[in-house]
Amino acid sequence: MAQFNLEDYETVEQRIRRFLEDWPDARIVTYELTDKKDREKGYWVVRAQVFLDHDDQHANCPKASGMAFEIEGTAGANKTASLENAETSAIGRALANAGYSGNKRASREEMEKVARGPVPTKPEPVVSEEFLVRIDAAVSVEELKALWDQAVAEGFSNQVSKLIQKRKKDVEK
């Protein structure tokens, strides 16, 4: 069980309000950095930059930046809004890096994630005997590339990586 009190942590919303009170012309800009393959897995990566005013933004001179990563479908907000949650987390980290971290560096939202605990992992699918035979029987690099693509698509690339690499060396001889 978590050994901290969530009430000791400031929310990202509270950080944003304080920042904008100090810098009324401030800008907060976010960038979704997730590539297509990560999106297919439900991974989201967001970078946030905070600028003190229009001139800093125009000069691309942020006061600070922050990054966040979330996995779609996990607990809490990530069940339905993981991209939005990543954006909020990135903003909170950028504001902390700009000196707006309250009495604790982590935001309440980050600590809520800690309180939820580790994300359960899915077991890797089992590689069929037939697939392993196809690797051994491959006679060209093109066949091995096709098998590798299939392994990646079916989620068992970690299990067959060394086998395909070894077979590739044999085929190239």
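The values are calculated or read from the model by the stated rules, or taken from the named source; none is laboratory data. These numbers were taken from a predicted model, which means no experiment stands behind them. No Cβ is skipped: glycine too gets one built from the backbone with ideal geometry, and neighbour counts run over all protein chains shown.
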Picked from segment 1-24 (must be part of a loop (DSSP other than H, G, I, E, B) and at pLDDT below 90), the residue farthest from residue 63 (Cα to Cα) is 1
Of all the residues that make up segment 71-88, how many are assigned to a helix (DSSP H, G or I) and either more than 16 Å from the chain's Cα centre (by Cα) or at pLDDT below 75 (or both)?
4
Going by what's in this entry, would residue 122 be described as surrounded by fewer than 11 Cβ atoms within 10 Å (Cβ to Cβ), more than 34 Å from the chain's Cα centre (by Cα) and modelled with pLDDT under 80?
no
If I filter segment 49-66 for residues that are surrounded by 14 or more Cβ atoms within 10 Å (Cβ to Cβ), under 17 Å from residue 86 (Cα atoms), assigned by TED's automatic domain parsing to the domain that holds residue 88 and out of contact with any strand residue (DSSP E or B) (no Cβ under 8 Å at 6 or more places or on another chain), do I get at least one hit?
no
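Residues are listed down the side, and each one gets a yes or a no for (1) in contact (Cβ under 8 Å) with a residue 40 or more places away in the chain; (2) in a strand (DSSP E or B); (3) among the polar types (S, T, N, Q):
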residue: 29; (1), (2), (3): no, yes, no
residue: 40; (1), (2), (3): no, no, no
residue: 45; (1), (2), (3): yes, yes, no
residue: 66; (1), (2), (3): no, yes, no
residue: 90; (1), (2), (3): yes, no, no
residue: 93; (1), (2), (3): yes, no, no
Going residue by residue through segment 79-88, is there one that turns out to be without any contact (Cβ under 8 Å) to a residue 24 or more places away in the chain and loosely packed, with under 14 Cβ neighbours inside 10 Å?
yes
Out of everything in segment 130-161 that is exposed (fewer than 15 other Cβ atoms within 10 Å of the Cβ) and modelled with pLDDT under 85, what residue ends up being farthest from the chain's Cα centre (by Cα)?
161
